[in-house]
1. Quick check on my filter: what residues within region 24-51 are under 21 Å from residue 139 (Cβ atoms) and part of a loop (DSSP other than H, G, I, E, B)?
2. Between 145, 138, which is buried (at least 24 other Cβ atoms within 10 Å of the Cβ), without any contact (Cβ under 8 Å) to a residue 60 or more places away in the chain and either within 16 Å of ligand 1 (Cβ to nearest atom) or assigned to a helix (DSSP H, G or I) (or both)?
3. Which of the residues belonging to region 157-170 are more than 15 Å from ligand 2 (Cβ to nearest atom) and surrounded by fewer than 21 Cβ atoms within 10 Å (Cβ to Cβ)?
4. Is one or more of the residues making up region 94-101 free of Cβ contacts under 8 Å to residues at least 12 places away in the same chain, surrounded by fewer than 18 Cβ atoms within 10 Å (Cβ to Cβ) and within 14 Å of ligand 2 (Cβ to nearest atom)?
5. Kindly provide the set of residues from region 182-200 that are loosely packed, with under 14 Cβ neighbours inside 10 Å and more than 14 Å from residue 167 (Cα to Cα), ordered by number.
6. Kindly indicate the residue of region 21-61 that is without any contact (Cβ under 8 Å) to a residue 40 or more places away in the chain and closer than 27 Å to residue 213 by Cα and also farthest from the chain's Cα centre (by Cα) among those meeting that condition.
7. Answer yes if at least one residue in region 37-53 is within 10 Å of ligand 1 (Cβ to nearest atom) and on the phi > 0 side of the Ramachandran plot, and no otherwise.
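Every read-out reported here was derived from the displayed coordinates using simple, explicitly stated rules and does not represent laboratory data. The structure presented is a predicted model; accordingly, all values stated were derived computationally and were not measured. Reconstructed Cβ throughout: ideal geometry from the backbone, glycine too, with neighbour counts over all protein chains shown.
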Ligand code: ADP
Ligand code: MG
């Protein structure tokens, strides 16, 4: 995945994960996962993500967006603090399951990281029971997350990284109001990462509403 896709941000060109200031455990786990070079979207988005900036990233399906935000949130995670520190919102249960699976693989580097999925179409009770046991990272769909907030079964006040994955699809599916409710339950002191394949006007509106001086990156469309 490397030589054909040179990446650059603010004049800096990065292709190797080892050029990033990632925790050594995360780096060596990437090696064992067979991730050698960053994809373009990773090379462009990870430097500002790791600086703690809000980031808007545009990249097609298969461009490696999950590891981009996944490494960002794992870098910030304190496994000893057993609180929900990251929330990843996805449009569908299938996507949430895929993201959770990749996050668990990336998180193998850090002992005892708990990733919990909260999606609709499954009973509420077991999810409530899992939440009582706690988690570090929640991956879910906006509707079910909103339901948990309404019932008081989910506390997002300690979230320091909020990820909107496939934001364009979430808006197409009518999740705008659910998203607004969710934003209002998260700590205002957080990093926001927004990933999308397309950029309709509503995305810009969300970005204006919740983001602070976001950095926008776009993977080359040749990919
Ligand atoms: P997207 O969310 O952009 O559609 P994914 O994050 O699901 O794409 O990544 C697509 C596939 O590429 C996954 O199977 C993932 O494990 C793999 N992948 C991601 N980053 C890398 C990398 N740097 N090197 C090798 N494989 C990668
Ligand atoms: Mg994806």
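1. Of everything in region 24-51, those that are under 21 Å from residue 139 (Cβ atoms) and part of a loop (DSSP other than H, G, I, E, B) turn out to be 35, 39.
2. Values: 138 fails: either within 16 Å of ligand 1 (Cβ to nearest atom) or assigned to a helix (DSSP H, G or I) (or both).
Result of the check over 145, 138: 145.
3. Our first condition is that a residue be more than 15 Å from ligand 2 (Cβ to nearest atom); within region 157-170, this holds for 157-162.
Hits for region 157-170 are 157, 158, 160.
4. Residues of region 94-101 that are free of Cβ contacts under 8 Å to residues at least 12 places away in the same chain, as a first pass: 94, 101.
When the remaining residues are screened for being surrounded by fewer than 18 Cβ atoms within 10 Å (Cβ to Cβ), the result is 94, 101.
Filter once more, so that each one left must be within 14 Å of ligand 2 (Cβ to nearest atom): 94, 101.
Taking every residue of region 94-101 in turn, at least one turns out to be free of Cβ contacts under 8 Å to residues at least 12 places away in the same chain, surrounded by fewer than 18 Cβ atoms within 10 Å (Cβ to Cβ) and within 14 Å of ligand 2 (Cβ to nearest atom).
5. Keep residues of region 182-200 that are loosely packed, with under 14 Cβ neighbours inside 10 Å, which gives 184, 187-189, 198, 200.
Passing the criteria: 184, 187, 188, 189.
6. Residue satisfying both the conditions and the ranking: 21.
7. No: region 37-53 contains no residue that is within 10 Å of ligand 1 (Cβ to nearest atom) and on the phi > 0 side of the Ramachandran plot.
Residues checked against (1) away from ligand 1 (no atom under 16 Å from the Cβ); (2) touching a residue at least 24 places away in the same chain (Cβ under 8 Å); (3) over 15 Å from residue 73 (Cα atoms):
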{"position": "165", "(1), (2), (3)": "no, yes, no"}
{"position": "169", "(1), (2), (3)": "no, yes, yes"}
{"position": "173", "(1), (2), (3)": "yes, yes, yes"}
{"position": "178", "(1), (2), (3)": "yes, yes, yes"}
{"position": "182", "(1), (2), (3)": "yes, yes, yes"}
{"position": "196", "(1), (2), (3)": "no, yes, yes"}
{"position": "202", "(1), (2), (3)": "yes, yes, yes"}
